[in-house]
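Have a look at the structure below before the remarks.
No value in this document is a laboratory result; all are computed from the given coordinates. Everything quoted here is computed from the prediction, not taken from an experiment. Please note: Cβ atoms are built from the backbone with ideal geometry, for glycine as well, and neighbour counts cover all protein chains shown.
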2 protein chains.
Amino acid sequence: MVARVVTRDMTSDFSPEERAAVYRAIRARRDVRADFSSDDVPEDVLLRVLEAAHQAPSVGLSQPWRFIVVRDLATRRDVRAAFDEANTAAARAYEGERAERYRSLRLQGILEAPVNLCVVCDDDPERGHGLGRQTMPETVRYSTVCAIQNLWLAARVEGLGVGWVSIVDPHALRRILTIPDHLTVVAYLCIGYVHTFATEPDLVRAGWENRLPLAAVIDHERYGSH
Amino acid sequence: MVARVVTRDMTSDFSPEERAAVYRAIRARRDVRADFSSDDVPEDVLLRVLEAAHQAPSVGLSQPWRFIVVRDLATRRDVRAAFDEANTAAARAYEGERAERYRSLRLQGILEAPVNLCVVCDDDPERGHGLGRQTMPETVRYSTVCAIQNLWLAARVEGLGVGWVSIVDPHALRRILTIPDHLTVVAYLCIGYVHTFATEPDLVRAGWENRLPLAAVIDHERYGSH
């Protein structure tokens, strides 16, 4: 089969400037843990980024995500205590120079970011009538993560930093936020305006890990081709 | 604590036009299963959308994703056969009018889309030194899904449709694409130019499911507040 090769630049319904904006948002998005401003996040801005999340794809159009917006300082203090506990345990896994480096990392902005967001997922939703979930039931959680990435990019263009805190016991979040058993805790996010967005990921700047070249993650036709 | 309320419109480093472009990409993205064109997807365009995927956030900067690009027709025929088998089994779960409606749905474009992409994830990567994975090990898979959503949005602005096929046995994909055991199959995507992007999700147009209003998925301070 010989496919027709065409130049598509003229046929996308997004202009070169619009395309560049989307690529720039993707490139300039950062996982933000420090440098949050205490400036309030207006409700209309928060609703715009939540609407972006809500427009994510979902298996069977199940839209299995729920967003718990946390602004209350007492609640955030409880979550911060849960982070501290998990982080103390996590730090024990490292030794020597790596342990020192771990302790120097800034890993959350729970109290500094004025908005926290817990994202939960209904693992067995009625919505969608089960479509697409028989062979891969995990796709409801994956749908929820697609929503988070939409939110992350929308936040970036609003000037809002987002940090995903995974060093926290999901059971602690369940207790603090009264999340019922049929919902899975997928993510806990810190959201707020930031003074500046870093040009490189924090973990690159801290010498924790570097970035892989794109070619290292691509295979052709079958796994292990490169 | 009284937070300072400021108008941020002047302080984002994205112009109103750039912000609108990102929101439009998010809104106009569709899960495409039909209406693929057989036009070839040039390698440079495919690399741009894969680079967008590769710029996703990842726990510990582990970048645990691998992308297997499948263009070979014989391989896609094998995957199509695996889909047919899973779909026949899935259809048995429905009865009456719902069963008829299920059979009328278009659920994949494996042979029509010139590029297929299998996205796999290393569940226990060396990269990242375990950061953030002790309490929530599933975050490596979630990172991989963030990459998929980046790709989906980049594809949209290139005029490329993407369809996520979840009605396929991951073990069949593992066999066909020689994926080793330490990697998890996260997604199988069909990618190609499309004649037109629908304004509504296929499942809404087919009467399978409708969309939830945003307010139905938001809670404040704790779960169950609304």
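With q set to 0.15, 0.19, 0.21 Å⁻¹, the log10 of I(q)/I(0) for region B:16-85, from the Debye formula over equal scatterers at the Cα positions, is -0.85, -1.19, -1.26.
Please give me the summed charge of the neighbours of A:ARG127: other residues whose Cβ is under 13 Å from its Cβ, Lys and Arg +1, Asp and Glu -1. Value of the local net charge: -2.
Calculated [222 nm] ellipticity per residue, helices only, for chain B: -11500 deg cm²/dmol; basis is -39500 (n - 2.57) per DSSP H run with n ≥ 4, divided by all residues, nearest 500. Hey, for B:ALA28 with labels 7 Å out along Cα-Cβ, what do the inter-copy distances come to in nm, ordered shortest first? Its label point is 2.0 nm from the equivalent points in the other copies. Given +1 at the Cβ of Lys and Arg, -1 at the Cβ of Asp and Glu and no other charges, the dipole of the protein assembly as shown around its Cα centre is 20 debye to the nearest 20.
For the protein assembly as shown, how big is Rg over Rh, using alpha carbon atoms and the Kirkwood form of Rh?
0.95
Here region B:30-209 has an Rg and Dmax of 16.9, 52 Å, counting Cα atoms alone. Between copies, A:LEU214 shows label-point distances of 3.2 nm, shortest first, with the point placed 7 angstrom from Cα along Cα to C-beta. Comment: the Cα-to-Cβ extended label point of A:HIS195, at 7 Å, lies 5.6 nm from its counterparts in the other copies, nearest first.
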